[in-house]
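Report on one structure; see the data block that follows.
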Amino acid sequence: MTKRVQLRIFPDGRVQAEVQGIKGKACTSYISILEELLKAEAVDSSYTPEYFEKETVHTGISDEQSVANS
């Protein structure tokens, strides 16, 4: 899934944001970025199911290569 932030702007000026495609606690770093960009403050937040998933990091190095180079 592509990493993205979906914003909804309501007529009264409220902004709702949902981070999609980012697993684990990394998604929470977007809160401060959005607050700065929008010159706003988060008043409520909740976690999506992706928050509770572990992020996997692909290094491009297989186990065989790691052992051979050790």
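How many of the residues in region 42-60 are assigned to a loop (DSSP other than H, G, I, E, B), surrounded by fewer than 10 Cβ atoms within 10 Å (Cβ to Cβ) and modelled with pLDDT of 85 or more?
4
Taking the residues in region 29-41 that are assigned to a helix (DSSP H, G or I) and of a type outside the set (S, T, N, Q) as candidates, determine which candidate is nearest to LYS3 (Cα to Cα).
Initial filter on region 29-41 (assigned to a helix (DSSP H, G or I)): 29-38.
Now restrict to residues that are of a type outside the set (S, T, N, Q): 30-31, 33-38.
Working: TYR30: 11, ILE31: 15, ILE33: 15, LEU34: 15, GLU35: 19, GLU36: 20, LEU37: 18, LEU38: 20 Å.
Filtering region 29-41 for residues that are assigned to a helix (DSSP H, G or I) and of a type outside the set (S, T, N, Q), the one nearest to LYS3 (Cα to Cα) comes out as TYR30.
What are the residue pairs meeting all of these: first residue in region 8-25, first residue more than 30 Å from GLU55 (Cα to Cα), second residue assigned to a strand (DSSP E or B) and open to solvent by 90 Å² or more (accessible area, probe 1.4 Å), Cβ atoms under 9 Å, and 6 or more apart or on different chains?
Correct list of pairs: ARG14/ARG8.
Given the criterion on the phi > 0 side of the Ramachandran plot, open to solvent by 80 Å² or more (accessible area, probe 1.4 Å) and at pLDDT 85 or above, identify the matching residue among LYS25, LYS3, LYS39.
Numbers: LYS25 fails: on the phi > 0 side of the Ramachandran plot; LYS3 fails: on the phi > 0 side of the Ramachandran plot.
Only one candidate qualifies: LYS39.
The values are calculated or read from the model by the stated rules, or taken from the named source; none is laboratory data. Quick caveat, the model's predicted, so the values are computed rather than measured. With ideal geometry, Cβ positions are generated from the backbone for all residues, glycine too; neighbour counts draw on all protein chains shown. The accessibility values were calculated without ligands, DNA or RNA, using every heavy atom of the protein model including side chains. Shrake-Rupley method; radii C 1.70, N 1.55, O 1.52, S 1.80 Å.
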